[in-house]
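The values are calculated or read from the model by the stated rules, or taken from the named source; none is laboratory data. Worth saying up front: this structure is predicted, and the values here are computed from it rather than measured. We place every Cβ from the backbone using ideal geometry, glycine too, and count neighbours over all the protein chains shown.
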Amino acid sequence: MSTTPLTPDTDTGTDADRRRPDGGRLEGRTVVLIGGGSGIGLRVAHQAVAAGARVVLGGRSPERLAAAAEVLGDAATWHTVDVTDRASLAAFFDRLDRVDHLLTTAGTYQVGPMRELSDEDAESPFVSKFWGQYHAVRFAAPKLTPDASVVLMSGAAGARPPGPAPAYAACNAALEGLARGLAVELAPVRVNVVSPGTVDGHLWEGRPAAAREAAFAQYRRDTLLHRLGSEDEIADTVLFLFANSYMTGSTLYPDGGYTLR
Ligand SMILES: NC(=O)c1ccc[n+]([C@@H]2O[C@H](COP(=O)([O-])OP(=O)(O)OC[C@H]3O[C@@H](n4cnc5c(N)ncnc54)[C@H](OP(=O)(O)O)[C@@H]3O)[C@@H](O)[C@H]2O)c1
């Protein structure tokens, strides 16, 4: 009986590459992180640079971006961009030669009950987080390399709303559908979603202490691992989705089991 080798003959990675978590696939690649000046995006930047990538950071505040790039070193550059402004997104991507991986954590929105929010606040997650990411991919598209990948940022509240915030829940669910649609349209470019649970990091540091502590206590109670996530744990998931060449159209939930309960 003949046997078939299990290692594909297209695998040209070295043993040293295979020992690295990203399989050496980010070495020399251009990783664009809109929102990368802080929080999850900044942790992705650190992990990508450690894996040998160049990173391009985007955001609205030049001071935040310059400070992040200074710590990251020569592998990092930055440009200001506002994802709610299409001209600004067009100018941002015009400057780039190529995009190998894209993550947009940018977003500024209000969350709350339908019966309490103004129409403008209720629409804000879609305006900023949904259409912001849609247009970021649209303006990046001409620069995406054939083996590029996009990771969209969602949130576990789309699968299991922790409280009344229906437009925000819908926005996160819609992003999962957007990824499936874009995966079909942009193939062989891969498009996936990361949908984190609550993270003890920069985003929540900026929210009122009482609301933060109440949300954290509820999350610890409701998730299987009884703790919050870290920005690095979410960044690990993003790097996996960047590097794994067979993932597309999928959503991963780094949430400590929150969506199961
Ligand atoms: N942290 C969590 O617990 C958690 C859980 C689930 C999902 N998420 C999702 O993760 C994303 C936030 O990431 P994060 O937690 O790392 O928060 P973060 O630290 O606040 O990061 C958001 C970044 O986006 C930038 N930004 C905001 N609005 C922008 C705009 N209109 N155009 C360009 N840049 C903009 C901000 O910088 P500037 O203000 O300087 O522009 C900031 O650097 C959101 O989509 C959120 O829904 C977070």
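For the stretch 231-253, filtered to residues that are in contact (Cβ under 8 Å) with a residue 60 or more places away in the chain and among the acidic types (Asp, Glu), the residue that is nearest to the ligand (Cβ to nearest atom) is 231. Among the residues of the stretch 132-146, those identified as in a helix (DSSP H, G or I) and not hydrophobic (A, V, I, L, M, F, W, C) are 132, 133, 134, 135, 138, 142, 143. Of the residues making up the stretch 204-219, those that are among the charged types (D, E, K, R) and either in a loop (DSSP other than H, G, I, E, B) or under 16 Å from residue 254 (Cβ atoms) (or both) number 1.
Condition (residue is over 22 Å from residue 147 (Cα atoms), in a loop (DSSP other than H, G, I, E, B) and near the ligand (Cβ under 10 Å from one of its atoms)) applied to the stretch 88-106: is it met by at least one residue? Taking every residue of the stretch 88-106 in turn, at least one turns out to be over 22 Å from residue 147 (Cα atoms), in a loop (DSSP other than H, G, I, E, B) and near the ligand (Cβ under 10 Å from one of its atoms). Does the stretch 174-191 contain any residue that is within 11 Å of the ligand (Cβ to nearest atom), in contact with a strand residue (DSSP E or B) (Cβ under 9 Å, 6 or more places away or on another chain) and outside any strand (DSSP E or B)? Within the stretch 174-191 (the criterion being within 11 Å of the ligand (Cβ to nearest atom), in contact with a strand residue (DSSP E or B) (Cβ under 9 Å, 6 or more places away or on another chain) and outside any strand (DSSP E or B)), the answer is yes, since at least one residue qualifies. Restricting attention to the stretch 151-190, the residues that are without any contact (Cβ under 8 Å) to a residue 24 or more places away in the chain and among the acidic types (Asp, Glu) total 1. For the stretch 142-162, the set of residues classified as surrounded by 21 or more Cβ atoms within 10 Å (Cβ to Cβ) and out of contact with any Leu (no Cβ under 8 Å at 6 or more places or on another chain) consists of 155, 156, 157, listed by residue number. Restricting 102, 26, 96 to residues that are touching a residue at least 60 places away in the same chain (Cβ under 8 Å) and in contact with a Gly (Cβ under 7 Å, 6 or more places away or on another chain) narrows the list to 26. The set of residues in the stretch 107-123 being part of a helix (DSSP H, G or I) and without any contact (Cβ under 8 Å) to a residue 24 or more places away in the chain consists of 119, 120, 121. Scan the stretch 151-163 and tell me whether some residue there is part of a loop (DSSP other than H, G, I, E, B), under 30 Å from residue 95 (Cβ atoms) and within 14 Å of the ligand (Cβ to nearest atom). The answer is yes, given that some residue of the stretch 151-163 is part of a loop (DSSP other than H, G, I, E, B), under 30 Å from residue 95 (Cβ atoms) and within 14 Å of the ligand (Cβ to nearest atom).
Being within 12 Å of the ligand (Cβ to nearest atom) and under 18 Å from residue 34 (Cβ atoms) is the requirement here; does residue 228 meet it? Answer is no for this residue. Looking across the stretch 192-217, the residues that are of a type in the set (D, E, K, R) and either within 13 Å of the ligand (Cβ to nearest atom) or surrounded by fewer than 11 Cβ atoms within 10 Å (Cβ to Cβ) (or both) come down to 200, 205, 207, 212. Here the condition is being within 17 Å of residue 247 (Cβ to Cβ) and under 17 Å from the mean Cα position of the chain (by Cα); of 192, 172, it holds for 192 alone.
For residue 148, are the conditions met, namely being modelled with pLDDT of 95 or more and closer than 30 Å to residue 261 by Cα? No: the conditions fail for residue 148.
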